[in-house]
Amino acid sequence: MEEKRGAGQAGAFDQVVLPHLDAAYNLARWLVRNTHDAEDIVQEAYLRAFKFFGGYQGGDARAWVLKIVRNTSYTFLEKNRPADLSEEFDEKIHTDTAEQPGAEAALLQSADTRMVRDALNELPVNFREVLVLRELEGMAYKEIAEVMGKPIGTVMSGLARGRAQLRDRLLHMRPEAHSEVTGKMRGEVRTKVRNELPNELSTELSEKDEE
Amino acid sequence: MACQNNELLLPAYFDGELDLVRNIEFEEHLKTCPECAQELRDLQAMRSSVRAANLYERAPESLKSRIRAALPPQARPQPIAMPRRSFEWLAIAAAILIAVVLGAKVLPNIGGGEQDLIAEEIVASHIRSMQPGHLYDVESTDQHTVKPWFDGKLDFAPPVINLADQGFPLIGGRLDYVGHRNVAALVYQRQKHFINVFVWPEDSKPAKTPEVQTIQGYNLVFWSHNGMYFCAASDLNLAELRQFAQLLER
């Protein structure tokens, strides 16, 4: 009997939870910014999801899974990279640099793949998260609120600030603007290097950061 | 940034979060407010850069195997000896049963009509098609390969168009079973999202037909066109799924 129920539940788990593996991985990958850790986190989150699956009340399965992935990711960051959670973004407003109406839109439109990836990667984790859920995962405000366990108002203000910062960063990253980039650059380079290193090295680097 | 609509309404409009009435009101406002119009263009420009950058990170195949291996033994799927057809039946039946038993939101809908059952079936079918090896019976980006493939397999000829130029490439087709009949399922892709379009003759469509429905986080858009009934199902956001439906209708 016990066995049978286990198998039935596993079937349901297969149907309901496993289809969201890409969404789970995408979120973890963007939160911890490293493929190796993201895989470990998703695996752990899925084991937890399986354990708690009995308590799943139906409804939005993707949001339910992503909520677990998010919590697992934050626990990982708290333990291993607390600095990532307290990252502050330099909230200078550069909007007055736009020469004329429309110029900014053209610049934003022309941002290349690497610029966009870097810009998103450098945002503080709370803004990165809300943008990933909205722009990459295509979630509605209500679903994002469910994943984050926060009110919709917080989602909306996070999105607004995240977008402002992303925009700022994309405009700031224009090749000719690079010379203005200040000391913050060092942190960026470190993150970039870390993200491009093989996993073992990058873990080692994170450990060094902690010392 | 003097316009106060900038703060709340504009982002909500941009994200497709306004109800119909407010949506229309805001579109009226946009015609007379150059600031909001400009801000909207900036947001759209940024979104199109983000989309073009293809930032979605898909899970590696190895991770899936790792997770399956790490689950408790009874949780691992048993090899199925039955022929595939009957297994599909079981899977659909199981998915519907699960949806009915688990879905608190679904409960009030029982007896709420054929349409809800069909929507449930479509979501179950969509989810199942996302599992490895279930997405298509014929894999092709060529509408002239996909369309003849259905010949003799269905009692109707589904319209097949490729929307690759509009960012929704056709990637294949398969036979499916919805609402007690064989239907055509066309598979399209939008970046990393898959869209299943279920097509069957209008004369056997359900009586009550909403335009959109969201079940378990999946969006469904329904429409009729040229004697055929369509349902597009995807985890893609509703705004884009609607845009896709409009492109297909042309």
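If you take the residues of the range B:36-50 that are surrounded by fewer than 18 Cβ atoms within 10 Å (Cβ to Cβ) and more than 7 Å from every other protein chain (Cβ to nearest Cβ), which of them is nearest to the chain's Cα centre (by Cα)?
The initial filter retains those residues of the range B:36-50 that are surrounded by fewer than 18 Cβ atoms within 10 Å (Cβ to Cβ), namely B:37-38, B:41, B:44, B:47-48.
In the following step, the residues that additionally are more than 7 Å from every other protein chain (Cβ to nearest Cβ) were identified as B:37, B:44.
On the way: B:ALA37: 30, B:GLN44: 23 Å.
My answer is B:GLN44.
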Cβ pairs under 7 Å, 6+ apart or interchain, first in the range A:30-46 and in contact (Cβ under 8 Å) with a residue 12 or more places away in the chain and facing chain B (nearest Cβ under 10 Å), second part of a helix (DSSP H, G or I) and of a type in the set (D, E, K, R), ordered by first then second residue, are A:TRP30/A:ARG128; A:THR35/A:ARG29; A:ALA38/A:ARG29
How many residues of the range B:135-170 are touching a helix residue (DSSP H, G or I) at 6+ places or on another chain (Cβ under 9 Å) and free of Cβ contacts under 8 Å to residues at least 12 places away in the same chain? The answer is 1
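Here's the yes/no breakdown for (1) closer than 23 Å to A:GLY138 by Cβ; (2) out of contact with any His (no Cβ under 6 Å at 6 or more places or on another chain); (3) not aliphatic (A, V, I, L, M):
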{"residue": "B:TRP149", "(1), (2), (3)": "no, yes, yes"}
{"residue": "B:ASP155", "(1), (2), (3)": "no, yes, yes"}
{"residue": "B:ALA185", "(1), (2), (3)": "yes, yes, no"}
{"residue": "B:HIS193", "(1), (2), (3)": "yes, yes, yes"}
{"residue": "B:PRO206", "(1), (2), (3)": "no, yes, yes"}
{"residue": "B:GLY217", "(1), (2), (3)": "yes, yes, yes"}
{"residue": "B:GLY227", "(1), (2), (3)": "no, yes, yes"}
{"residue": "B:GLN243", "(1), (2), (3)": "yes, yes, yes"}
Lone unmet requirement of (1) under 30 Å from the mean Cα position of the chain (by Cα); (2) in a helix (DSSP H, G or I); (3) touching a residue at least 24 places away in the same chain (Cβ under 8 Å); (4) surrounded by fewer than 17 Cβ atoms within 10 Å (Cβ to Cβ) for B:PRO11: (4)
Residues that are crowded, with 19+ Cβ neighbours inside 10 Å and either among the hydroxyl-bearing types (Ser, Thr, Tyr) or modelled with pLDDT under 90 (or both), drawn from the range B:161-172: B:ILE171, B:GLY172
If you check A:ARG117 against the conditions, is it of a type in the set (D, E, K, R), within 8 Å of chain B (Cβ to nearest Cβ), over 28 Å from B:GLN216 (Cβ atoms) and under 18 Å from the mean Cα position of the chain (by Cα)? yes
Can you tell me which of B:GLU121, B:GLU57, B:GLU61 is closer than 22 Å to B:ALA184 by Cβ and at pLDDT 65 or above? B:GLU121
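Report yes if B:ALA53 is small (Gly, Ala, Ser) and facing another protein chain (nearest Cβ under 7 Å), otherwise no.
In short, yes.
The values are calculated or read from the model by the stated rules, or taken from the named source; none is laboratory data. Given the structure is predicted, the values throughout are model-derived calculations rather than measurements. Cβ atoms come from the backbone with ideal geometry, glycine included; neighbour counts cover every protein chain shown.
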